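Everything on this sheet refers to the single structure shown next.
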Amino acid sequence: MEPHRGWTSASRSWNFLRKRWLDREQKLITVIQEETKRTEENEEAGYRSPTWSILRALQKIHEAKRLEGTSVMSAPPFFQSARRGDLKFWREDDGPTLVVWESLSESEQEQWSKKMSKSKDWVV
């Protein structure tokens with residue numbers, strides 16, 4: 001969208017996110033730029049995000065409604081809500097949560113460790 005902020009996204013992902021970030025398209029563009037940089041750094045360090053088929057299987061087994069972790073671009077739309085740390089990807093629901101632990105920063109893991117002690121409807 002801007003020469004110094006390059007990234008690519010599948011049109012279905014872009015349209016899905018744009019609809020959930022109503023009237024905040026510029027903010028979404030900034031978030032995607034930051035998430036792209038974070039993803040590249042994580043991948044250089046050896047992190048590989050789980051496939052959607054693995055996430056779907058875990059979702060079904062644990063009846064998860066919520067996803068915690070990954071990035072805004074790679075979070076599958078079949079979860080009712082998704083976030084990582086303080087960044088809400090879309091919606092904010094409670095309920096059974098699938099946590100992609102390796103995708104969380106140390107501070108996000110620390111936050112989740114505190115949440116885990118108060119709730120039992122999650123799987124890592």
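How much net charge surrounds ARG48 when only the other residues with a Cβ under 15 Å from the Cβ of ARG48 are counted, with Lys and Arg +1 and Asp and Glu -1?
In short, -4.
P(r) of the range 51-106 in 10 Å steps, Cα pairs, percent per bin?
It works out to 26, 62, 12, in whole percents.
Take every DSSP beta bridge with both residues inside the chain and express the antiparallel ones as a percent of the total, to the nearest 5.
So the antiparallel bridges in the chain amount to around 25 percent.
Measure nothing but the geometry: give the 0 to 90° angle between the long axis through the Cα atoms of 106-118 and the longest principal axis through the Cα atoms of the chain, rounded to 10°.
40
May I have the count of lysine pairs in the range 11-123 with C-alpha atoms under 26 Å apart, counting pairs 8 or more residues apart or located on different chains?
Here the count comes out as 23.
For a quick protection proxy, order the peptides 22-32, 81-91 by their average other-Cβ count within 10 Å, most packed first.
Result, highest mean Cβ count within 10 Å first: 81-91, 22-32.
Distances longer than 22 Å among the Cα atoms of the chain: what percent of all pairs is that?
Here the long-distance tail beyond 22 Å is 34 percent of all Cα pairs in the chain.
Laboratory data are not the source of any read-out in this text; all were calculated from the coordinates shown. None of these values were measured; they are calculated from a predicted model. For neighbour counting, all protein chains shown are included, and Cβ atoms are generated from backbone atoms with ideal geometry for every residue, glycine included.
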